[in-house]
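Participant: Would you mind keeping the following structure in view while I ask a few things?
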Amino acid sequence: MRRIWIVLLVFAAIMVPASPAGATLTSQAKASPGGIGIRLVAVPTSPTSNPLARLYIIDHLAPGTSVSRQVEVSNTTRAVADVAVYAAGASLGGLGFSFSAGRVQDQLSSWTSVSRNMLRLQPGTDALETVTLSVPKDASTGEKYAVLWAQVSPASSAHRGLLFVNRVGIRMYVSIGLGGTLPPSFTIGRLAAKRATSGNPSVAVTIHNSGEGPLDISGSLTLSNGPGGVRGGPYPVTLGSALAPGRSELAAAMLSKQLPGGPWKATITLHSGLTVRSATATLTFPALTDTPPQRSSP
Amino acid sequence: MERFTTLTEGRKSGKALVVLGAFAALAAFSALAAGTSLPAAAETPASFTLTAGALSISAPTASVSLGSEVASALATTMSGQLGSVTVTDQRGGTTTWTASVISTAFTPTAGPADPASNVSYAAGALTDSATVVATAVTATDLTGVSTVVTGASTGISTVSWDPTISVIVPADYAPGVYTATITHSVA
């Protein structure tokens, strides 16, 4: 039987612009690229303010307060652009400032709203958006990160092949002060591969609550790069109950008996509210001690 | 009456009086009536304000094909170039940005999808202006948001690249058109 693998065959035959309306107009209009831009306008200036406040939405806010900024979204392409404007999560870690995938929210982004979620921009035009940050009264203190994005997506439906979503954003660094409590925080210990007396392999991990509030942890485990490239999961990870501050507890994911022994690349991702931690390790499950027929096979 | 008040104003500054004397009384009236702050304005250093420009991205919006091939009993790799991606930083001054990429799985109309962990992204050669130091990082697994290019700019700058996407096609995958969405994020 002859199987044909077709990935696609339109190599930019038509420049599909950001909006369906312009589709027929722009097939030749690809000379100067142009793009979608975003900038911060009407920045409140004070001599002592952070110089980065010119570039980013930077502020220090008390719980229960709100602040507004204006941003300008521009379309320098030759096509009409439908631009989605929204805030999404971000984090600051060992690899620097990193963006959440898609519209995944964090605390700061969930407090951020825009005057219009969708802008239709004619070629060469721009529009002002008002961004409002409303910090809830019970907000936890500390530094929060997010990104305000202007995003152009392909006109969904009919297109097949490799599609592109392009977005450009303004970073948000906001510290919340006065009142409130620290955000939840926890650490994940080393992943351990075990085999229960029932013969089922399991992955166990110690979770330590390093924050000041109780944790309500849930999450999942995925296995990849297994024998023959097999993947497994996600398997739910369960933890006894809410974990008190300063306490450690063992969490485990129970897996199927048929699972090959490994080695596997195991990744565990746990969250408590908006706090997410993950850990990765290469694991091999102990061999079954009883009868050999259950030996791992691909 | 009006005239009297303007002269009083003028006396506060020698400069203004000279101006008054040099011009005809007619002209002086209108100038001074509007210009009680004229001397002060003349001493103010000239200034103008440059507002920060935009950070922008120009990247393919057209769907792109990586080509087609016959389904195989062996794993294969398909790759293709996406077309030019340009980041323009008009914010001015010292700025930095990160461009990152994430992919969905390549999903056929039926059958198993080819996961994003099999998708890699190489920015290739960067074309940049003199005011920016840009660094490319190859991403071999686009399951998560992966940084592919970073820029540290000292002025208005642009960086362009023409990325290559490679997809590992596992053995014995079913024929069909496999579709994925790749998101470029710049901030």
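Only the coordinates and a few stated rules stand behind these numbers; no lab work does. Here the structure is a predicted model, which is why all the values come from computation and not from measurement. Every residue, glycine as well, gets a Cβ built from its backbone with ideal geometry; the counts of neighbours run over all protein chains shown.
Participant: Output the peptides A:161-171, A:101-111 sorted from most to least packed, where packing is the average of other Cβ atoms within 10 Å over each peptide's residues.
Facilitator: My ranking of the peptides, most packed first, is A:161-171, A:101-111.
Participant: Let me know the whole percent of all Cα-Cα pairs from the range A:91-132 that are separated by more than 12 Å.
Facilitator: For the range A:91-132, the fraction of Cα-Cα distances above 12 Å is 73 percent.
Participant: Beyond 20 Å, what share of the Cα-Cα pairs of the range B:71-134 remains, rounded to the nearest whole percent?
Facilitator: Of all Cα-Cα distances in the range B:71-134, 49 percent exceed 20 Å.
Participant: Averaged across B:84-96, how many Cβ atoms of other chains sit within 10 Å of each residue's Cβ atom?
Facilitator: Mean shielding count: 4.
Participant: How many percent of Cα pairs in the range B:92-187 exceed 24 Å?
Facilitator: Every Cα pair in the range B:92-187 considered, those over 24 Å come to 32 percent.
Participant: Return the FRET efficiency for the residue pair B:Ala171, B:Thr94: r is the Cβ-Cβ distance, R0 is 51 Å, and the value is rounded to the nearest 0.05.
Facilitator: Rounded to the nearest 0.05, the efficiency is 0.55.
Participant: Where does each of A:257-266, A:136-145 land if you order them by average Cβ count within 10 Å, highest first?
Facilitator: A:257-266, A:136-145
Participant: Quick one: if you stick a label point 7 Å off each Cα along the C-beta vector at B:Ala73 and A:Ser134, how many nm between them?
Facilitator: Modelled inter-label distance: 6.4 nm.
Participant: Right, another one. Shielding by partners for A:97-104, please: the mean number of other protein chain Cβ atoms within 10 Å of each residue's Cβ.
Facilitator: The per-residue average across the peptide is 5.
Participant: Given the alpha-carbon gyration tensor of the range A:66-136, what are the semi-axes of its equivalent ellipsoid in whole angstrom, ordered largest first, with each equal to the square root of 5 times an eigenvalue?
Facilitator: Semi-axis lengths for the range A:66-136 are 25, 16, 10 Å.
Participant: Sticking with the crude label model, points 7 Å out along Cα→Cβ, report the distance from A:Thr280 to A:Ser68 in nm, one decimal please.
Facilitator: Label-label distance for A:Thr280 and A:Ser68, simple model: 4.4 nm.
Participant: Can you pull the mean other chain C-beta count within 10 Å for peptide B:66-77?
Facilitator: 3
Participant: What is the extension gain from B:Leu126 to B:Ala52, computed as 0.36 nm multiplied by their sequence separation minus the C-alpha to C-alpha distance, in nm to one decimal?
Facilitator: 24.2 nm
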